[in-house]
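*Asks:* Take this structure, written in structure tokens, and hold onto it; I'll ask about it next.
The values are calculated or read from the model by the stated rules, or taken from the named source; none is laboratory data. Keep in mind it's a predicted model, so treat the numbers as computed, not measured. Positions of Cβ are backbone-derived with ideal geometry, glycine not excepted, and every protein chain shown enters the neighbour counts.
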Amino acid sequence: AQSVAQPEDQVNVAEGNPLTVKCTYSVSGNPYLFWYVQYPNRGLQFLLKYITGDNLVKGSYGFEAEFNKSQTSFHLKKPSALVSDSALYFCAVRPTTSGTYKYIFGTGTRLKVLA
Amino acid sequence: DAGVTQSPTHLIKTRGQQVTLRCSPKSGHDTVSWYQQALGQGPQFIFQYYEEEERQRGNFPDRFSGHQFPNYSSELNVNALLLGDSALYLCASSFNTYTGELFFGEGSRLTVL
């Protein structure tokens, strides 16, 4: 079965320190990969995506993500965390199988940045 | 430029009732998807509409149905509500491309008592 795993329910990091939020996936082929952020009682906001090309992609608010095909991972990173980055982060995968339009989301990782 | 708008934002129903949720996509978008997000979970795909047709459906019973109108707006209908249908229902719009990201509304929070 196709799935996305976010192994950490919560990640705590001190403000100014680098952060990493992990994501691995089990989807055949070469899926498209996405990160979204959700603030309390809000919808999801797009951060970045990997379609093809350079394994390091840059996105909104200083976030970047590293794609590793051999490990089927797409970890979200930021060099210096801000308190305002505290939110719920979702990794999502879109299979590229013909006729497939759904996105598969992980269960989310709560990021808490401590002042 | 208005983003994705959903209504109502909150609603409370009782078991067995029916509910209709509405969504207007972001300007220029022609594809609408619906997701269910239970508390503490990631969004689960319900279905996607394009050109007024249901193009793909997730693992949801027939009690969940939808519609897309010529102006690309969409409705999600849920019949015979169960307690387990309590969730945040998210509408997402996109261009009809494989590489386009989804743009989400703020959701409709449904509570079934």
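*Asks:* Yes or no: segment B:17-32 includes at least one residue that is at the interface with chain A (Cβ under 10 Å from one of its Cβ atoms) and in contact (Cβ under 8 Å) with a residue 24 or more places away in the chain.
*Replies:* yes
*Asks:* Within the set of pairs 6+ apart or on separate chains, which have a first residue in segment A:92-115 that is closer than 20 Å to B:SER33 by Cα and facing chain B (nearest Cβ under 7 Å), a second that is buried (at least 22 other Cβ atoms within 10 Å of the Cβ) and β-branched (Val, Ile, Thr), and C-beta atoms under 9 Å apart?
*Replies:* Hits for this filter: A:TYR101/B:THR31; A:TYR103/A:VAL93; A:PHE105/A:VAL4; A:PHE105/A:VAL93; A:GLY106/A:VAL4; A:GLY106/A:VAL93; A:THR107/A:VAL4.
*Asks:* Hey, can you tell me all the residues within segment B:72-102 that are of a type in the set (S, T, N, Q) and either within 15 Å of A:TYR32 (Cβ to Cβ) or at the interface with chain A (Cβ under 9 Å from one of its Cβ atoms) (or both)? It would help to see each step written out before you state the result.
*Replies:* First, pick out the residues of segment B:72-102 that are of a type in the set (S, T, N, Q): B:73-74, B:77, B:79, B:86, B:93-94, B:96-97, B:99.
Matches in segment B:72-102: B:SER94, B:ASN96, B:THR97, B:THR99.
*Asks:* Taking B:GLU51, is it surrounded by 17 or more Cβ atoms within 10 Å (Cβ to Cβ), of a type in the set (Asp, Glu) and free of Cβ contacts under 8 Å to residues at least 24 places away in the same chain?
*Replies:* Values: surrounded by 17 or more Cβ atoms within 10 Å (Cβ to Cβ): no; of a type in the set (Asp, Glu): yes; free of Cβ contacts under 8 Å to residues at least 24 places away in the same chain: yes.
Considered against the rule, which asks whether it is surrounded by 17 or more Cβ atoms within 10 Å (Cβ to Cβ), of a type in the set (Asp, Glu) and free of Cβ contacts under 8 Å to residues at least 24 places away in the same chain, B:GLU51 comes out as no.
*Asks:* Within segment B:54-66, can one find any residue that is surrounded by fewer than 21 Cβ atoms within 10 Å (Cβ to Cβ), part of a loop (DSSP other than H, G, I, E, B), basic (Lys, Arg) and in contact with a strand residue (DSSP E or B) (Cβ under 8 Å, 6 or more places away or on another chain)? Outline the logic, then answer.
*Replies:* Kept after step one, since they are surrounded by fewer than 21 Cβ atoms within 10 Å (Cβ to Cβ), are these residues of segment B:54-66: B:54-65.
Checking the rest, the ones that are also part of a loop (DSSP other than H, G, I, E, B) come to B:58-63.
Right, trim to basic (Lys, Arg) and you get B:63.
Remaining after also requiring in contact with a strand residue (DSSP E or B) (Cβ under 8 Å, 6 or more places away or on another chain): B:63.
Yes.
*Asks:* Suppose the filter is touching a residue at least 60 places away in the same chain (Cβ under 8 Å), on the phi < 0 side of the Ramachandran plot and away from chain B (no Cβ under 14 Å); does A:ASN12 pass it?
*Replies:* Numbers: touching a residue at least 60 places away in the same chain (Cβ under 8 Å): yes; on the phi < 0 side of the Ramachandran plot: yes; away from chain B (no Cβ under 14 Å): yes.
So A:ASN12 fits the description; yes.
*Asks:* Out of curiosity, is A:SER3 away from chain B (no Cβ under 14 Å) and closer than 21 Å to B:LEU39 by Cβ? Full working, then the answer.
*Replies:* Numbers: away from chain B (no Cβ under 14 Å): no; closer than 21 Å to B:LEU39 by Cβ: yes.
No; evaluated as a whole, the condition is false for this residue.
*Asks:* Got a sec? Which strands (runs of 3 or more DSSP E) wholly within segment A:59-115 have at least 1 residues that are out of contact with any Lys or Arg (no Cβ under 6 Å at 6 or more places or on another chain) and β-branched (Val, Ile, Thr)?
*Replies:* Values: elements: A:64-68, A:73-78, A:87-94, A:109-114.
Fully inside segment A:59-115 and qualifying: A:87-94, A:109-114.
*Asks:* How many residues are closer than 17 Å to A:ARG110 by Cα and of a type in the set (Lys, Arg) if we restrict to segment A:39-65?
*Replies:* 1
Quick grid of which residues meet (1) under 25 Å from A:ARG94 (Cβ atoms); (2) more than 13 Å from the chain's Cα centre (by Cα):
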site	(1), (2)
B:GLN6	yes, no
B:HIS10	no, yes
B:THR14	no, yes
B:GLN17	no, yes
B:ASP30	yes, yes
B:TRP34	yes, no
B:GLY42	yes, yes
B:ILE46	yes, no
B:GLU53	yes, yes
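*Asks:* Looking only at segment A:75-115, how many residues end up being touching a helix residue (DSSP H, G or I) at 6+ places or on another chain (Cβ under 6 Å) and of a type in the set (D, E, K, R)?
*Replies:* Residues meeting the conditions: 1.
*Asks:* Look through B:LEU81, B:LEU76 and report the one residue that is at pLDDT 95 or above, at negative phi and part of a strand (DSSP E or B). Spell out the reasoning first.
*Replies:* Numbers: B:LEU81 fails: part of a strand (DSSP E or B).
Among B:LEU81, B:LEU76, only B:LEU76 is at pLDDT 95 or above, at negative phi and part of a strand (DSSP E or B).
*Asks:* Identify the single condition in (1) under 26 Å from A:SER60 (Cβ atoms); (2) among the hydroxyl-bearing types (Ser, Thr, Tyr); (3) more than 8 Å from every other protein chain (Cβ to nearest Cβ) that B:THR111 does not satisfy, given that it satisfies every other one.
*Replies:* With (1) under 26 Å from A:SER60 (Cβ atoms); (2) among the hydroxyl-bearing types (Ser, Thr, Tyr); (3) more than 8 Å from every other protein chain (Cβ to nearest Cβ) applied to B:THR111, the lone miss is (1).
*Asks:* Return the only residue of A:TYR32, A:TYR39 being within 26 Å of B:GLY107 (Cα to Cα), within 14 Å of chain B (Cβ to nearest Cβ) and surrounded by 16 or more Cβ atoms within 10 Å (Cβ to Cβ). Steps first, please.
*Replies:* Working: A:TYR39 fails: surrounded by 16 or more Cβ atoms within 10 Å (Cβ to Cβ).
When all the criteria are applied, what remains is A:TYR32.
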